Every structure is written in C-alpha cells, then in structure tokens.
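The values are calculated or read from the model by the stated rules, or taken from the named source; none is laboratory data. In this text, all values refer to a predicted model and were calculated from it rather than measured experimentally. Methodologically, a virtual Cβ is constructed for each residue, glycine included, from the backbone with ideal geometry; neighbour enumeration extends over all protein chains shown. Side chains included, ligands, DNA and RNA excluded: accessible areas come from the protein's heavy atoms. Shrake-Rupley method; radii C 1.70, N 1.55, O 1.52, S 1.80 Å.
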2 protein chains.
Amino acid sequence: MPDQPAHPKDQADRFARARESQSVALLEDYVEMIGDLHAELGEARVADIAERMGVAQPTATKAISRLKREDLATSRPYRGVFLTEAGTLLADRVRARHRTVVAFLVAVGVPADVAELDAEGIEHHVSRQTLKAFERYLANVDARGRRR
Amino acid sequence: MPDQPAHPKDQADRFARARESQSVALLEDYVEMIGDLHAELGEARVADIAERMGVAQPTATKAISRLKREDLATSRPYRGVFLTEAGTLLADRVRARHRTVVAFLVAVGVPADVAELDAEGIEHHVSRQTLKAFERYLANVDARGRRR
DNA sequence: GCCGGTAAATAGCCATAGCTATAAATCATA
DNA sequence: TATGATTTATAGCTATGGCTATTTACCGGC
C-alpha cells in the first residue's frame, strides 16, 4: 500500500472538487462549440448547436439560457447566439486546453482517434498545473524531434 | 488548423460518450469507496461512506440504492453495505486505474498532490486504450531508471 | 401581403444528485 | 427490559440535464 491513509476530509474535498468541475464542463463545451460555429459558419444557431452537441433542440435552448444567466452568451431570438467577452475568453481557453490535451495524449502513445474521444471527458478535469505539465512535456518532445 | 473538419455526427457521439462516462463515474467512486472501507475497517457503513464521499447521509443512501439496483452492492439495514461479485470486480478495476492515472501524471511532471486531485475527475474518462498507453509509458520510465 | 415552412421557445415530463428535517429502527446500557 | 442515543431510511424540496409534443415567431416566395 503506497499511499492513502486518506484523511476522510481531504478525500471528501477531492470528490467535491470533481463534482464542481463536472458542473462547469457543459458550460465549457457549449461555449467552445458556439465559438467554433461562429468561426466556421459566421453564426451559431440553436439548431446547429443542438446537432453538434448531440442533444435535442430544447435541451440546447435550456443550456443557452444558463449561459446567458452566467453572462457567457447573449442571444437574439431567431438571430443566433453570441458570446460575451467572458464567453469568448472562456472559449479560447477551453479550445487551447483541448488541443493541448489531445496533443499530449497522442505524444504519450494514445491513438489519435482515441485521444480525441477521451480528451472530451478528460479536459474538464485538467487543472492549470497539470496543463502546464502537459505543455512542458510537449515542449520537450518537440525539442528532441520525436518520442525517442 | 491541424484537424477538425469535425463531422457533426462524430462530434455529437463524442459528447454523448463523455456524458455516458459521467453517469458511471459516481457508481465507480462509491464502489471503490465501499471496497476501501471494507479493507480498512472491515465494514462499510452508510455514515462512513457519506463522510468520505463528502455528501449528506441521505445522499449516500440514495446512491447505494442505485448500486443495489445495478447489482453492484447489497445491504442489510444497520449492518452495512456489501459489494457483490460484480461490485468487487469493478472496485478492483477502478482502484487499479486510479493508481495508474496518478502514477502516470506524477511521471510526466504533475506535482503529487495535484495529480491526486485531478485524477479523481480524469480517471473516469480514461479508456482502456488510453490506460494501456499510460501503463506502457510507466513501464518505459521504470526501465530507464528515471525520467531522463 | 399572406401563407406555408422552418426555427426557436415553451410546456411538461423523467432521472440524477444534492440538501434538510423527520421518522423509524437498532443497539447499548442502566 | 425499557430507554436513550445512534444510525439508517423516508419525505419532500432544489437544480441540472435530458426528452417529446406543442406553440409561437419569423422569413421567403407566390
């Protein structure tokens, strides 16, 4: 048994933290998606958001309400959804993190398609510090040409 | 732009998959916790489970109902919670995966305490294939003595 | 300018995961 | 053995995140 006397309180905090990340995850996904749609299509319509997220249209509408409540997005009915400044910042951050996580997984030997799949879930739980470690790792790998 | 024409359907599937993992995550955490408590204390009482999970006691009771429904656990009121065979297998698998994820994160330069925190969320999204990649990585690191 | 079709919003349902407050069951002990 | 303390279960609330069915609003073409 290497570790874990596991002070119950600490462990409880860990779980609480994981639950917390979880609650932010969907917001992040939607915000990133809206950013992508604007980049690709020039606008983000509710129907497109729903399709890409793989949910029914009212589900997307409801999620967008939450984004608005959190000041991440605005929308003009029948005119699409728009990110606020905060939303744009978040989207950029999330997109960058996603790319880093995928690249990192690939760099340590995960097949690209699997990396893409797993990253979708993993990324939301990657802290700033862990992300930094991934970036450092990638920088090293790049410096040495290839894996080695 | 390296990747992502992102066929909407594929992407939708990715999100669906991430949501799915999410729904299994809590079951995994509870099952592992019950296993730990049996190992440490010889029994798993609802109150202890609740404390360690950082939730109120009725929340734990409700989760345990779900475990029973899924044939992962049984319980005799006021006598504790017990894992079924399936539950025990799951617990072992989850515990092993958790250890691997933490060890891997540490090996790529994540501080131990952060690794422990992040692993709690990450582990549930690590597929069999990604786990294999982590194990391979760890085997390599071990073989070469240290990082290098 | 009306009218049909599409897009979005609304209504109303389900399950999960949390909570507090309360009831019931068990245990320990006087 | 009865009683008080502890432990578990239950009731009933909130919010999230799904869904289908329906209504409402908009837009384009005739």
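Things to note:
- Angle in degrees between helix A:57-69 and the longest Cα principal axis of chain A, rounded to the nearest 10: 80
- Against chain B, whose longest principal axis comes from its Cα atoms, helix B:8-41 is set at around 50 degrees.
- Contact surface B-A: accessible area buried, both sides summed, square angstrom, 1.4 angstrom probe: 4200
- B:Lys9 paired with B:Arg79, simple spin-label distance in nm, labels 7 Å along Cα-to-beta-carbon: 5.3
- Partner aspartates and glutamates whose Cα lies under 18 Å from the Cα of A:Lys62, excluding those fewer than 8 positions away in the same chain, are identified as A:Glu28, A:Asp29, A:Glu32, A:Asp48, A:Glu51, A:Glu70, A:Asp71.
- Rounded to the nearest 10 degrees, the inclination of helix A:85-107 to the longest alpha-carbon principal axis of chain A is 40 degrees.
- The stretch A:34-104-the stretch A:124-145 distance, computed between alpha-carbon centres (Å): 26
- Relative contact order (%) - chain B, alpha-carbon pairs under 8 angstrom, separation at least six: 21
- Max mean-square fluctuation residue, GNM over chain A, Cα-Cα springs under 10 Å, options A:Val126, A:Val108, A:Val46: A:Val108
- For the stretch B:22-74, GluC sites (Glu not before Pro) are listed when DSSP marks them as loop and at most 14 other Cβ atoms sit within 10 Å of their Cβ; the list is B:Glu43.
- Shown for the stretch A:44-85: residues covered by the partner protein chains by 20 Å² or more of accessible area relative to the chain by itself (probe radius 1.4 Å), namely A:Glu51, A:Arg52, A:Met53, A:Gly54.
- Each principal axis of the stretch B:8-88 carries a Cα extent, and these read 50, 27, 21 Å when sorted largest first.
- Placing a label point 7 Å from the Cα of B:Arg93 along the Cα-to-Cβ direction, the distances to the matching points in the other copies come to 3.5 nm, shortest first.
- Volume in Å³ per residue [convex hull over Cα atoms, computed for the stretch A:90-143]: 71
- Shape of the protein assembly as shown, Cα gyration tensor, a/c cut at 1.5: oblate
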